[in-house]
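Notes follow once the structure below has been shown.
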Amino acid sequence: MTLSKGKVERPINYLRERFWRGYSYVSLEKANKDVLEWLSETANNRIHGTYWQPVQERWEREKHLLMNLPSAPYDTSLKVFRPVYKECQLSYNGNRYLIPHEFAGKKVMLKIKGKIIRIYHDQELLATYEEPGEKHTIIGDPAIYHMLLKDKEQIKRKYGRQKGKATRGLVTSTLYPEVAIRSLEEYERLAGASWNS
């Protein structure tokens, strides 16, 4: 049988109308005792409107079909993916978060629940942060930058000769390559026309 929203919510209405309406609350302990007594004497002995059987009898027939609960609670975190920039940072909700340098250039998953952000690469937990109240903040341990500077292989991968000319200056310490100086006549000769005409 397919359960519709109404079928799922109807027992709550039944409990509210048949137990809570007119009930005088004294304490949680007494309410728990009273509702258990009401369940065993009234609610579970009634004839169910769909199956035309007592609720307790139907429960005894079906409870062996139920599966075990999962070993871990269901993860209700908001999940988003973010790229990690070469500065070991990722951006989320107006802030930057630092993660270990070896994940620069990769995509990571953020699990956000409440104000807690957990950052994962596959199943590996990389960092846990509390989301700040303000924006435009860099959150994390600055020691990550020092570890990045020490990792020579990472620097070679990012700024080595095989990379494009745009990053070449980061290796040679200058963005201005040496250019041969030629006279204007040489350009005119190669173009076959006069530049001054």
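The values are calculated or read from the model by the stated rules, or taken from the named source; none is laboratory data. Note that the structure is a prediction, hence the values are computed from the model and not measured. Please note: Cβ atoms are built from the backbone with ideal geometry, for glycine as well, and neighbour counts cover all protein chains shown.
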Filter segment 67-85 down to the residues that are over 17 Å from Asp141 (Cβ atoms) and either part of a strand (DSSP E or B) or touching a Leu at 6+ places or on another chain (Cβ under 9 Å) (or both) and list them by number. Ser77, Leu78, Lys79, Val80, Phe81, Arg82, Pro83
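Just give me the residues in segment 16-41 being assigned to a helix (DSSP H, G or I), surrounded by fewer than 10 Cβ atoms within 10 Å (Cβ to Cβ) and charged (D, E, K, R), in sequence order.
Glu29, Glu41
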Exactly one of (1) surrounded by fewer than 16 Cβ atoms within 10 Å (Cβ to Cβ); (2) outside any helix (DSSP H, G or I) is unmet by Asn44. Its number? (2)
Return the residues of segment 87-105 that are surrounded by 14 or more Cβ atoms within 10 Å (Cβ to Cβ) and either without any contact (Cβ under 8 Å) to a residue 12 or more places away in the chain or charged (D, E, K, R) (or both); say none if nothing qualifies. Glu87, Arg96, Glu102
Right, Arg96: modelled with pLDDT of 90 or more and touching a Gly at 6+ places or on another chain (Cβ under 9 Å) or not? yes
Within segment 80-95, count every residue that is more than 18 Å from Glu130 (Cα to Cα) and of a type in the set (Ser, Thr, Tyr). 1
